[in-house]
1. Can you name the residue in the range 187-202 that is in a helix (DSSP H, G or I) and away from the ligand (no atom under 14 Å from the Cβ) and, of all such residues, is surrounded by the fewest Cβ atoms within 10 Å (Cβ to Cβ)?
2. Within the range 203-218, can you find the residues that are closer than 22 Å to residue 302 by Cβ and within 14 Å of the ligand (Cβ to nearest atom)?
3. Going by the structure shown, is residue 39 touching a residue at least 60 places away in the same chain (Cβ under 8 Å), buried (at least 18 other Cβ atoms within 10 Å of the Cβ) and either assigned by TED's automatic domain parsing to the domain that holds residue 341 or in contact with a helix residue (DSSP H, G or I) (Cβ under 6 Å, 6 or more places away or on another chain) (or both)?
4. With (1) under 20 Å from residue 199 (Cβ atoms); (2) in a loop (DSSP other than H, G, I, E, B); (3) at pLDDT below 95 as the list, and residue 241 as the residue in question, which single condition is left unmet?
5. How about the range 73-186: which helices (runs of 4 or more DSSP H) wholly inside it have at least 1 residues that are assigned by TED's automatic domain parsing to the domain that holds residue 315 and either under 23 Å from the mean Cα position of the chain (by Cα) or within 30 Å of residue 300 (Cβ to Cβ) (or both)?
6. What residue, of 331, 317, is closer than 30 Å to residue 15 by Cα, away from the ligand (no atom under 16 Å from the Cβ) and outside any helix (DSSP H, G or I)?
7. Only residues that are more than 16 Å from the ligand (Cβ to nearest atom) and either assigned to a helix (DSSP H, G or I) or under 15 Å from the mean Cα position of the chain (by Cα) (or both): list them for the range 24-51, please.
8. Would you mind telling me which numbered condition in (1) touching a helix residue (DSSP H, G or I) at 6+ places or on another chain (Cβ under 6 Å); (2) within 16 Å of the ligand (Cβ to nearest atom) residue 265 fails?
Ligand code: SOE
């Protein structure tokens, strides 16, 4: 049974430090912190990530977060964070309305940048970020977009199989990302339901993931979309004095929801393959259900985040008598990322995507090679998001069915 080699578990004390400064410390900040704390103790890296400072506006809360998440210092102004000499890389884990300002300033200050998805709230912001990343690349600075679901062993293995031609000519991609945390109409009005802060609702938050994953696995881009979006609950209780986020209790006063609750859209890839997507926060009973299936002329692949160590693969070249979807348990040392972890069959989790994201970013920084996904990749997803919203607003492809 393959055991992790000692060389795989680099403590890295002999490696040059890479000072990380993180802005934001809520769910994504906690997930990224886990990645930065762990990556140098599992992978043999060319640089040693150091959790230099975390930034948040509330001095007491960010100090507590620094202690809880393992950051050496706390800042209350992101401008002070990017000015620190011990910060080489700025990791942006804030709502989308601050991504562009922070990323562009950090790149200008000579820092590398990792920015959570979606890259920005608008195409214009994403374009400005991508231009700044292009200028910074000339100075050897790296800018990555944080689409973490590319970095599960199963999705990375699926990409390998598609690239090897195991599916043949791509015909279909169908992807859903289903959550249900807004099914309760009295769930309070948090930043995720405010277009100014979040840019969009389920579309940008969940739809961005399946757009990126579909294009990553297919190895090609969407050329066009046709969409429907809906806001099922148009008013919600305002938060009372708390920025408690998802779990805060709402007051009696209600305010408008200014983003989509759900988006359903079809797409055509540049090759002509067809796609369907669904992103919603109202799929009662679905907690974080990301599922994607690709159908090609030679076979099909399916992935389910609720069974994230597995792939379903159908080889259509097999005789019908024995063909069918079979399960690939993606825990072998030859599978992407797995050789640094556990022996076959032990499996990884959601949080490992952030460790792998950190690993790949450190290698890109050390080698000066373009990161994947880049800001340009994030811009392309932003363009698809904008096309979905434009299509839904035009309602052009929607044809009412005549009544009796
Ligand atoms: C939404 O609830 C969310 O936290 C997304 O913002 C993340 O990107 C996704 O990974 C989990 O769900």
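1. Of everything passing the filter in the range 187-202, 196 is surrounded by the fewest Cβ atoms within 10 Å (Cβ to Cβ).
2. 206, 207, 208, 209, 210, 211, 212, 213
3. Yes.
4. Going through the list (1) under 20 Å from residue 199 (Cβ atoms); (2) in a loop (DSSP other than H, G, I, E, B); (3) at pLDDT below 95, residue 241 breaks only (1).
5. Helices (runs of 4 or more DSSP H) meeting the threshold: 153-163.
6. One residue alone meets the criteria, 331.
7. Correct list: 36, 37, 38, 39, 40, 41, 42.
8. (2)
The values are calculated or read from the model by the stated rules, or taken from the named source; none is laboratory data. All of these numbers come straight from a predicted model, not from anything done at the bench. Cβ: placed from backbone, ideal geometry, glycine included. Neighbour counts: every protein chain shown.
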